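Every number in this text was worked out from the coordinates using simple rules, so none of it is lab data. Everything numeric here is computed off the predicted structure, so don't read it as measured data. A quick note on method: Cβ atoms are made from the backbone with ideal geometry, for glycine too, and the neighbour counts reach across all protein chains shown.
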Amino acid sequence: MCAIIMMFGIVGIIKAEDIKANPRYAIKGATVYDKKTDRTWDRCSIGQIWKGKLGCVGIIKSFTFEEAQMQAGDKGWRVPTADELASLIDYSRKDQNQPPMIDEVAFPDMNKQKMVYWSSTPVEPADGYFVDFNVGNLDNDSRKTANAVRLVRGKQ
């Protein structure tokens, strides 16, 4: 009986370790290449850094819409458009109402309190588009609201 219990325990561990990202993503260290959209994403939100097996370490920073637009980095990194950011919504999780609605293997260490991310797409003079990964929606809000940012590079 003890051997059977131990066997099931080991099987449970193996299954947890076998969890994979969506096959559309090719993960390489700190980046995620999306084969479907031909874009490369930073695995970590701004304020975090990739630390290998530890994942994304640090505190996710929040920015107003204008501050977010200044977060573009070198080597082509930039704030994604609304459509690009919305492409990260994991509809299989949304259909099952399982927040966060983003692939947590590809994009680990999301802060459940900071699941709203700015895009680079403005709406009228006072608003901008964001994606809320708590509910899996693209919406807009005042540019004065502070939200998280994840960078992308590739075609625009």
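Summary of values
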| read-out | value |
| --- | --- |
| For segment 113-156: relative contact order, % (alpha-carbon pairs under 8 angstrom, 6 or more apart) | 36 |
| Members of Lys20/Lys114; Lys28/Lys144; Lys36/Lys144; Lys51/Lys144 lying beyond 30 Å, as alpha-carbon distances in this model show | Lys28/Lys144; Lys36/Lys144; Lys51/Lys144 |
| Pairwise label distance in nanometres, Lys35 with Met70, each label 7 Å out on the Cα-Cβ vector | 4.0 |
| Cα-based shape type of segment 30-122, given that a ≥ b ≥ c are square roots of the gyration tensor eigenvalues and the cut on a/c is 1.5 | rounded |
| Percent of Cα-Cα distances greater than 26 Å, calculated over the chain | 28 |
| Largest-first ellipsoid semi-axes for segment 101-156, taking √(5λ) over the Cα gyration tensor eigenvalues, angstrom | 20, 14, 9 |
| Principal-axis tilt of helix 2-17 within the chain, Cα atoms, nearest 10 degrees | 20 |
| Charge sum, other residues only, whose C-beta stays under 10 Å from Val123's C-beta, Lys/Arg counted +1 and Asp/Glu -1 | -3 |
| Rel. contact order, % - alpha carbon contacts under 8 angstrom, at least six apart, the chain | 26 |
| Two-site FRET efficiency, Val57 against Asp95, from Cβ-Cβ distance with R₀ of 35 Å, rounded to 0.05 | 0.65 |
